[in-house]
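Comments concern the structure below.
Coordinate-derived values only; no laboratory data. Keep in mind that this is a model prediction, so the values were computed, not measured. Positions of Cβ are generated from backbone atoms using ideal geometry, with glycine treated the same way; all protein chains shown enter the neighbour counts.
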Amino acid sequence: MDVRRGTRTWPGPARKALALPAAAIAFTIMTGSGMPAHAADGAPSTAITVVRSGIPKGFLLYESGATRKRFEKEIGPMSWRFSDLRDVPLLIDPCATARRTDVGRQAARTVTGRSVKWDGDYSEQLIVYRDETAARRAVEGLRSQLHRCGERNRQYFTYKTKPVRIGDEAFLVDVFQHATTMGGTVMRQGRTVAVYTLPYAQNWRESEYGVSQAGKMARKLERFNR
């Protein structure tokens with residue numbers, strides 16, 4: 001996995017956390033604990049394995065200890081949190097709803113790594129929907145929110161997107177907030193949606209948006225859909 005931290009030059013020995021207005025919080029990182037979500041009775045026979053008993057522990061890339069160590073080798077100590085809460089919003093939350101706006105979820109997992117020295121989150125999220133239509137509508141809904149809410153408060157933040165060829169559909173999201181940037185990749189494979197977010201992304205450098213991670217996850221999910 002190509003994980004790059006854009007070590008920017010910041011004034012002073014350490015960069016202070018930005019004080020953003022609530023409406024300008026582009027990425028809402030939801031953490032916590034909860035029981036794994038399970039598929040509802042009568043799930044279609046085409047259900048992928050990850051839904052039958054919730055998303056298996058260790059299925060996400062960032063659950064791997066080796067992967068987390070590679071992150072920490074690049075950026076230093078990190079604190080990690082894992083959540084199976086099904087009702088969290090997508091990691092990319094342009095309207096700052098702090099709640100989910102999609103429907104048809106059957107399972108979810110979110111992993112967030114926060115740098116101890118720098119204010120920045122490296123996050124991974126996998127959402128499993130009841131069918132491909134629900135997953136497609138979730139992605140369409142996010143695109144709509146980016147267009148609608150990305151036009152608000154432009155003095156605080158701006159959004160840009162760029163398509164990328166991963167899975168069944170995918171795109172990069174570029175966010176500028178005051179003096180910093182964030183990047184993310186949204187990828188749909190069948191009836192699953194994966195989201196990756198990284199701080200300091202710029203100039204559409206794919207390694208700073210989580211493209212390689214999304215590609216790996218797409219290949220894992222493709223095997224389950226065979």
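From the Kirkwood radius over Cα pairs of the stretch 82-149, Stokes-Einstein at 20 °C and 1.002 mPa s returns a whole-number translational diffusion coefficient of 166 µm²/s.
So if each residue of separation counts as 0.36 nm, and I subtract the Cα-Cα distance between R205 and E140, what length gain in nm does that give? Write out the running numbers ahead of the final one.
Numbers: separation 65, 0.36 × 65 = 23.40 nm, distance 2.40 nm.
Length difference between fully extended and current span is 21.0 nm.
The calculated FRET efficiency for K160 paired with A66, based on their beta-carbon distance and R0 = 30 Å, is about 0.35.
Please compute the alpha carbon radius of gyration of the stretch 68-226, then divide it by the globular-protein estimate 2.2 N^0.38 Å. Two decimals is fine. Let's see the in-between values first.
Values: Rg = 15.0 Å, N = 159, 2.2 N^0.38 = 15.1 Å.
Compared with the compact-globule rule of thumb, the stretch 68-226 sits at 1.00.
Please state the charge dipole magnitude for the stretch 72-226, taken about the Cα centre, from unit charges on C-beta atoms (+1 on K and R, -1 on D and E), reported in debye and rounded to the nearest 20. Walk me through the intermediate numbers first.
Working: 27 positive and 19 negative charges, 64 e Å.
In debye, rounded to 20, the stretch 72-226 gives about 300.
Placing +1 at every Lys and Arg Cβ and -1 at every Asp and Glu Cβ, with all other atoms neutral, what dipole size does the stretch 57-151 have around its Cα centre, in debye to the nearest 20? Please report the intermediate quantities before stating the final value.
On the way: 18 positive and 14 negative charges, 45 e Å.
In total the dipole reaches around 220 debye.
Dipole of the stretch 92-224 computed with +1 at Lys/Arg Cβ and -1 at Asp/Glu Cβ about the Cα centre; of A201, L142, T158, farthest Cα towards the positive end is L142.
For K117, put the label point 7 Å out on the Cα→Cβ axis and report which residues of the stretch 61-95 keep their amide N under 16 Å from it. Taking a point 7 Å out along Cα→Cβ of K117, the residues of the stretch 61-95 whose backbone N falls under 16 Å are 69-79. Quick check: the distance between the Cα centres of the stretch 164-203 and the stretch 88-121, to the nearest angstrom? Between the Cα centres of the stretch 164-203 and the stretch 88-121 lies a distance of 12 Å.
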